[in-house]
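One structure is given here, and the rest of the page talks about it.
Rule-based calculations on the coordinates, nothing more; no lab input. Source: prediction; values computed, not measured. Ideal geometry is used to build each Cβ from the backbone, glycine not excepted, and the neighbour counts take in all protein chains shown.
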Amino acid sequence: MRVASLMLLTLVVSAVPPFVLAQSEIKPQPPVIHIQDGGTSGRMESIFIPPLVGAPFSLTLVTEWSRPLGNGGTFTLANRRRIVRDGQGRIYQERWLLVPKGSKIESRMDVFQITDPMQHTWLNCGVQEKVCELLPYGLVPDMVYKPSIGTTGPLPNGNGFRQHEDLGLSNSNGVDTTGYRETTTLNPGVLGNDQPMVITREFWYSSRLGINLISKVDDPQSGKQSFAVTELTTSEPDPRFFAPPEGYKVVDRRKAEEGSN
């Protein structure tokens, strides 16, 4: 398993001022990670979970991905999966196969992942093989994690226009959230489109947990995607989630990955 195929998120790292001057001492500021859910890069990307310290949770993420049929209908895939983060910023995520919604086809977990920002390790564990690949993990708690929020105005090079809306405050699963919607209209010809192409993203962000509890993406290129957090608790999870189960073999791939970069 390659890291590129398992990274189910899109990170946009923006530059921040490299220094601030205080009492004649140069102090570097942490990089800012702008969070954006959804999209595709060979497979559907899910929500981004940052390794925040002191913000534990356990949740079930419900995902649906609908694409249009030629006769005007839709084809929808769905799954449910567990995500857990402890107070140290360690993250456990299950990856379940997307299956046709409402069908008799049962989903199954094919991979689970355990990341540790303090040890800088990432375990990608294949359920069928019972093998965990040990890989380097680069995210750390002192990075600044923010939702990817654009501004209203024209896109560069006359490519179109983006409209940003603040949707106000709400509450999901007992946690306060702030809502945002962005509507991007691409002019004809920008991406092979012969008519204006409209892409919308709506998400409800929890500053307490650093994640979107509800996220919706509507893109003609990839269809409609929705991610909704359910069964959310904010207590410290069971430590057993953050170690491979008995019977799993751990294979250290860190040197191979570092050598390929």
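If you plug each phi of the stretch 214-220 into the Karplus form 6.51 cos²θ - 1.76 cosθ + 1.60 with θ = phi - 60°, what whole-Hz ³J(HN,Hα) values come out, in order, with x for Gly and Pro?
Per-residue couplings from phi come out as 9, 8, 10, 10, 10, 9, x Hz.
When the scattering of the stretch 31-260 is computed by the Debye formula from its Cα atoms alone, each counted once and equally, what is log10 I(q)/I(0) at q = 0.08, 0.12 Å⁻¹?
-0.35, -0.78
Quick one: what are the phi-derived ³J(HN,Hα) couplings along the stretch 95-110, Karplus 6.51/-1.76/1.60 with θ = phi - 60°, whole Hz, x for glycine and proline?
10, 10, 5, 6, 10, x, 5, x, 8, 8, 6, 8, 6, 8, 7, 9
Can you list the GluC sites (Glu not before Pro) in the stretch 126-227 that are in a DSSP coil and have 14 or fewer other beta carbons within 10 angstrom?
When the GluC sites (Glu not before Pro) of the stretch 126-227 are filtered for loop state and at most 14 Cβ neighbours within 10 Å, GLU129 remain.
Give a quick list of GluC sites (Glu not before Pro) in the stretch 59-128 that DSSP marks as loop, anything other than H, G, I, E or B, with at most 13 other Cβ atoms within 10 Å.
When the GluC sites (Glu not before Pro) of the stretch 59-128 are filtered for loop state and at most 13 Cβ neighbours within 10 Å, GLU106 remain.
With θ set to phi - 60°, apply the Karplus curve 6.51 cos²θ - 1.76 cosθ + 1.60 along the stretch 205-212 and write out the HN-Hα couplings as whole Hz, x wherever there is a Gly or Pro.
9, 9, 5, 5, 9, x, 9, 8
By the scheme Lys and Arg +1, Asp and Glu -1, what is the net charge of all other residues having a beta-carbon under 9 Å from that of LEU123?
In short, -2.
Mind checking which of TYR145, SER215, LEU169 is farthest towards the positive end of the stretch 31-260's charge dipole, using Cβ charges of +1 (Lys, Arg) and -1 (Asp, Glu) about the Cα centre?
About the Cα centre, the residue reaching furthest to the positive side is SER215.
Could you calculate the FRET efficiency of VAL250 with GLU106 from 1/(1 + (r/R0)^6), where r is the beta carbon distance between them and R0 is 35 Å, rounded to 0.05?
Result of the calculation: an efficiency of 0.75.
Enumerate the whole-percent occupancy of each 10 Å bin, from 0 to the last occupied one, for all C-alpha pair distances of the stretch 63-117.
Spelled out per bin, shortest first, that is 22, 36, 25, 13, 4, 0.
Report, in listed order, any pair from LYS101/LYS224; LYS146/LYS216; LYS130/LYS216; LYS146/LYS255 with a Cα-Cα distance greater than 25 Å.
Long pairs (Cα-Cα over 25 Å): LYS130/LYS216; LYS146/LYS255.
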